[in-house]
Structures are given as C-alpha cells and as structure tokens.
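For reference, the structure is listed below as structure tokens.
The values are calculated or read from the model by the stated rules, or taken from the named source; none is laboratory data. Just so you know, these numbers come straight off a predicted model, no measurement behind them. In this analysis, Cβ positions are derived from the backbone assuming ideal geometry, glycine residues included, and neighbour counts consider all displayed protein chains. The area values use the complete protein model at the heavy-atom level, side chains included, leaving out ligands, DNA and RNA. Shrake-Rupley method; radii C 1.70, N 1.55, O 1.52, S 1.80 Å.
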Amino acid sequence: MTTVAAERPPVSIITGYLGSGKTTLLNRLLRDPGMARAAVIINEFGEVALDHLFVSTPGDNTVLLANGCLCCTIRGDLVETLADLLTRRSAGGIPAFDRVLVETTGLADPVPVLRTLASDEMIAPRLRPGAVITLVDGVNGERQLDDCPESVKQAAVADCLLISKTDLAEPAALRRLRERLARINPAAQVQDVAHGSIAPEHLFGAARLDPAAERGTVERWLNENAYRKQQPPRALERHMDGIRAFAIRHDEPVTGAGLTAWLNLMAALKGARLLRVKGIVNVAGGPVAVHIVQSVIHEPVALESWPSADRGTRIVFITRGMERSEIEATLPALGLDANRRTAGAAIDPAAYARFVAAATGFRSKERRPQRGR
C-alpha cells in the first residue's frame, strides 16, 4: 500500500435492494481475518446481528469486534459519522483502520454517498472512493429491476455485482437476470454469492486508478469492449427503463481547459440522466482517467503511461433516456483553449463565441418540447 493510500483509506459502499442479502454478506465479512483493520458503518435501522465477541466499546455508537474490526452505527449525518471516526483515529482513541465499508438501506441511492466522498471539504481530503458493491436477489431480482427504479440505479453504478440466492433460483431466471445486468452495466464484475460467502479480496478491487496502474488494470477498469456489444432490440427498450450503455471515441487530443469544461457541463446539465461515465482521455498527448457518477465528478487521474498503443480518447457511458447522439453533440467542448484570447482583452469575443457554440450541444435536447408527458 502506498503512503497516499494509507493516509486516505478507501470507502466502499455495500448496497442492494431490500432482502438482497446485505446483512448476510456483512456478517460473513466481519468474521474474516482480512477485515481486521476495517471500519464498518451501518444504518441504525439495519439488521446486522453483531453476535461476535466484543472486545471493548470505544464509543457510544462504535464497537470493536473480536477480529479487530470497528462497527459503527449511523445516528446522524454520514459526514459527521465519518469525521468522528477520523478524529478518534488520529487521536488514538480507536485502532487505525485501512478501509471503510458503508452499508446503505435497501431503498437508498448510493450516489449521495459518492458525492460526499468526492466533494465534502472535511471528508474528501482524508478518504477516497472505493468500490461500489451491489447485491442483486437471484430469486426476485428481475421483478425488482422492473418495478423499482432504485434497484436499477444500484446496479448501474456498481463496480461489482453480487447475485445472491443462486441456490434457490431457477437456472432460466438466473440466465435472464445476468443478461439484464449485462445490459444495464456491461463492465461490472459479476459474481455469484451463496449465503454471503466470498473472500474480501474479490470485492474490494481498485475502483479508482492509481497513476502508476499497470496496463492490464487500466484496460479492465475501462472495459471498453463490453460496451461495444450489440445493443438490445427496440422491443426491449421500455423493459429496460431507457438504460443505454455505449462507448464513444474522439481521435484528436483535447485541452486541459476543454476537459474541465466538458466534465463540469456534463455533470451540471446532463447529470440527472448520466448513471456512470468512465474514460481514458488524451489531454495534450498524455492519458488522463476520468470518472463521473451522475453529477459527481471524481478527481481526474493523470496516468504515468498509456495502457495500449491506442492514443485516442475512449469514454464509456451508462445513461438513462439519453442517446449516443446527445453525447456526441457535446464533444466540441473538449477542444476549448483557455489560452486563445486577444492580448490585453479581459474577454475575447472569439473565445467566448467558441464556448457558446460548444455549450449549445449540452442544452439542445433539453430545450425540445416532450410530447405526451
């Protein structure tokens, strides 16, 4: 583990619809010796049975388990809970932890947790986003995806999808569920989990790239090929709640100012319909990894080397109700150059005109009246 990683422990999110098996998974994880330096944050209405041997009680809402793992109950705001853990960790009031797990409720949207980790001024400098792990009920998952928008979003933003109750589900139903999940989130790692039994190392892989990440790690993180598979037929579109998954490339190098403008305009104006965006972008000849979850922009990572001979910009998208053409209309913003302005002019009319022209692509769809709504 690098010094930076040690100073900023990753925060992984365990989510999934009601009855999907989060409680069972957490109980098994808490018994694993590999979790001895973890802090687990659960909702106060959660059903995790802490039937382990307590060693001590460092605080009103925190217990120290026999294997050294801290278990903390959310009694207020998540930011306050995380800040309290970090303060007591720094003061030596609780054992040092090297990762944090946050269990959400079954109806929870995981995006606000990601937003906290990426943008809160107290939390972001001291913790970093980890993996999003979503449990999907192998017996009831198809129906939940049909009826519950929350479950679709939980699946779409996941790094790892765990299908539970596979021993109880019909093989044909499991096959349909896997196909559905592959359409919603083509690049996610999908694993079966029986009775919560899975090794922690299979769950908490790198969700955020390290600048020195190996080529294979970068390519697996992007997993562009998964998005290039044939799109579902029109007959399935309503069944899938308008979810689209596709890859886009841009062959010309982009500017740093252009990438900043594109990321911010994308999150601000299209974030509600963006479920996930990941990409390797050629910024003035160098590779930069970018990651957006709805309106949450993760800090771009300048990679030390290209993952392949391909020097083009490659970006993959999971969207709801947004077509590829809408994304392609925004790409001119990537070429904006903050340095191109008339000497001595506070505002360069030509540069401003270029910005307005590029920004138009972000609003064109939203301005069209929607019939029948």
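Only one entry of Arg115, Arg99, Arg89 meets the criterion of being closer than 23 Å to Pro200 by Cβ, within 17 Å of the chain's Cα centre (by Cα) and at pLDDT 85 or above, and that entry is Arg99.
Every residue, every condition in (1) touching a Pro at 6+ places or on another chain (Cβ under 6 Å); (2) part of a helix (DSSP H, G or I); (3) at pLDDT 85 or above, yes or no:
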residue	(1), (2), (3)
Ala6	no, yes, no
Leu30	no, yes, no
Val63	no, no, no
Leu82	no, yes, yes
Pro95	no, no, no
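Restricting attention to segment 273-309 and to residues that are of a type in the set (D, E, K, R) and assigned to a loop (DSSP other than H, G, I, E, B), the residue that is nearest to Pro112 (Cα to Cα) turns out to be Glu299. Residue count for segment 105-137 satisfying the condition of being part of a loop (DSSP other than H, G, I, E, B), closer than 26 Å to Val193 by Cα and either open to solvent by 10 Å² or more (accessible area, probe 1.4 Å) or without any contact (Cβ under 8 Å) to a residue 40 or more places away in the chain (or both): 4. Taking the criterion of being out of contact with any strand residue (DSSP E or B) (no Cβ under 6 Å at 6 or more places or on another chain) and within 11 Å of Leu162 (Cβ to Cβ), the residues of segment 198-224 that qualify are Ile198, His202.
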